[in-house]
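Accompanying notes for the structure given below.
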Amino acid sequence: MLDGQDVAAIEARIDADRAARQLAGHHAALSEPLRAVLDLVAVDGLTTREAARALGISTATARMRLHRARKALKSATPPADPTRNAVLEAAS
């Protein structure tokens, strides 16, 4: 049998999985240019300058696209979403 702590852990995992799927959907809805910069910075760990170089765009354009991507994800997901917070922190 599961005790209260086990049930709470399962519920937390379900909630986190749901939030991750929602965030993935919002990520997929971003335009390709915004998604490309966000992925290079947040997922691959590149700096904005490195991402710009990899994409063949100016650093200012990369910063603008990253800002727009983060803004779009922030407005599309609830503030208390831990998955959202982790991705946006990585893109800072």
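The values are calculated or read from the model by the stated rules, or taken from the named source; none is laboratory data. Source: prediction; values computed, not measured. Cβ placement follows ideal geometry from the backbone for every residue including glycine, while neighbour counts extend to all protein chains displayed.
Here Glu11 qualifies as surrounded by fewer than 11 Cβ atoms within 10 Å (Cβ to Cβ) and not polar (S, T, N, Q).
Please determine whether any residue of the range 68-77 is on the phi < 0 side of the Ramachandran plot and at pLDDT below 85. Yes, some residue in the range 68-77 is on the phi < 0 side of the Ramachandran plot and at pLDDT below 85.
Filtering the range 17-36 to residues that are polar (S, T, N, Q) and over 10 Å from Thr77 (Cα atoms) leaves only Ser31.
The residues in the range 1-35 that are in contact with a helix residue (DSSP H, G or I) (Cβ under 6 Å, 6 or more places away or on another chain) and part of a helix (DSSP H, G or I) can be counted, and the count is 6. Could you look through the range 40-59, keep only residues that are assigned to a helix (DSSP H, G or I) and among the hydroxyl-bearing types (Ser, Thr, Tyr), and pick out the one that is surrounded by the fewest Cβ atoms within 10 Å (Cβ to Cβ)? My answer is Thr59.
Checked against the criterion of being on the phi < 0 side of the Ramachandran plot and at pLDDT 90 or above, the candidates Ala16, Ala29, Ala24 yield just one match: Ala29. Applying a threshold of 8 Å to beta carbon distances and a minimum spacing of six or more residues, or different chains, the list of pairs starting in the range 27-39 at a residue that is closer than 20 Å to Thr59 by Cα and crowded, with 16+ Cβ neighbours inside 10 Å and ending at one that is of a type in the set (Lys, Arg) and at pLDDT below 95 reads Leu38/Arg70.
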